[in-house]
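The values are calculated or read from the model by the stated rules, or taken from the named source; none is laboratory data. Note that the structure is a prediction, hence the values are computed from the model and not measured. FYI the Cβ positions are ideal-geometry reconstructions off the backbone, even for glycines, and counts take in every protein chain you see. Heavy atoms of the whole protein, side chains included, go into the accessibility calculation; ligands, DNA and RNA do not. Shrake-Rupley method; radii C 1.70, N 1.55, O 1.52, S 1.80 Å.
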Amino acid sequence: MADYVYGTIATLVAIAGLTFESHPGELTTAGVVIVGAIAIWMAHILSRLVSMRSQGHLQLTASDVVAEARRSWSIVTAAIPATVIFVLAAAHLWTIHTAFVLADMVGVAALAVVGIGTAGGSDRPLGRRIGYVLSLVVVGIAIVLLEAGVHLL
C-alpha cells in the first residue's frame, strides 16, 4: 500500500504540473503521467537496491532486482486510472479540462480508499480512524492546491 500511495501522490503532482499548460494534449498528458510513474518506479527500485547493497555489502542478483521491481510495481499501477482518463479524453468522451478534474478526483479518492483500507478495525478509536483517512485526503487536496497556487503566481 505504501508504494501505491507514493505512486498516487506522484501522479497527482504530474497532473497538477500539467493542469495549467496552455494547450495540453490528451495523449501527451497520458504519456507524461505513465512515463513519469515508470521513471519514479525505476528510481524507487534503484534506491532500494542501493540501500540493500550498502547494508552488509550484499552482492545483488538479478532475482533481487526482479523481486524489488515486483514489490514496488504498485507505483505504476497507481498512474493507470489517470492515464485511462486522459486516453478517454483523446477519444472525445470528455474534454481535456474535465479529464484533469476527473484525474484529480480519482487520485484523491484513491488516497481515501487506501486510508479506509488501512485505518484499522474497531480496536482503534473511530475518531482516529476518521482523522487518518482525512489526513490522506488532505494531502491529496493539498498537492492539487499547491500546484494550482504555483501556476497562478
(request) Filter the range 1-22 for residues that are open to solvent by 20 Å² or more (accessible area, probe 1.4 Å) and in a helix (DSSP H, G or I) and give the result. (result) 2, 3, 4, 5, 6, 9, 10, 13, 14, 17, 18, 19
(request) Give me the pairs, please: first residue somewhere in the range 62-86 and touching a residue at least 12 places away in the same chain (Cβ under 8 Å) and in a loop (DSSP other than H, G, I, E, B), second residue anywhere and of a type in the set (Asp, Glu) and surrounded by fewer than 21 Cβ atoms within 10 Å (Cβ to Cβ), beta-carbon distance under 9 Å, and either six or more positions apart or on two chains. (result) 72/3; 73/3; 78/3
(message) Take the residues in the range 122-153 that are at pLDDT 90 or above and either touching a Phe, Trp or Tyr at 6+ places or on another chain (Cβ under 6 Å) or of a type in the set (Ser, Thr, Tyr) (or both); name whichever of them is surrounded by the fewest Cβ atoms within 10 Å (Cβ to Cβ).
(response) 135
(message) One residue is enough: does the range 47-55 have a residue meeting the conditions among the charged types (D, E, K, R), under 21 Å from the mean Cα position of the chain (by Cα) and surrounded by 14 or more Cβ atoms within 10 Å (Cβ to Cβ)?
(response) yes
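What number of residues within the range 42-61 are part of a helix (DSSP H, G or I), more than 26 Å from residue 32 (Cα to Cα) and touching a helix residue (DSSP H, G or I) at 6+ places or on another chain (Cβ under 8 Å)?
We begin by selecting, within the range 42-61, every residue part of a helix (DSSP H, G or I); these are 42-54.
Checking the rest, the ones that are also more than 26 Å from residue 32 (Cα to Cα) come to 50-54.
Next cut, touching a helix residue (DSSP H, G or I) at 6+ places or on another chain (Cβ under 8 Å) only: 52.
Number satisfying all stated conditions: 1.
When you scan the range 78-88, do you find a residue that is in contact with an Asp or Glu (Cβ under 6 Å, 6 or more places away or on another chain) and surrounded by 12 or more Cβ atoms within 10 Å (Cβ to Cβ), even just one?
First pass over the range 78-88, keeping only residues in contact with an Asp or Glu (Cβ under 6 Å, 6 or more places away or on another chain): 86.
Those left that are additionally surrounded by 12 or more Cβ atoms within 10 Å (Cβ to Cβ): 86.
Scanning the range 78-88, I find at least one residue that is in contact with an Asp or Glu (Cβ under 6 Å, 6 or more places away or on another chain) and surrounded by 12 or more Cβ atoms within 10 Å (Cβ to Cβ), so the answer is yes.
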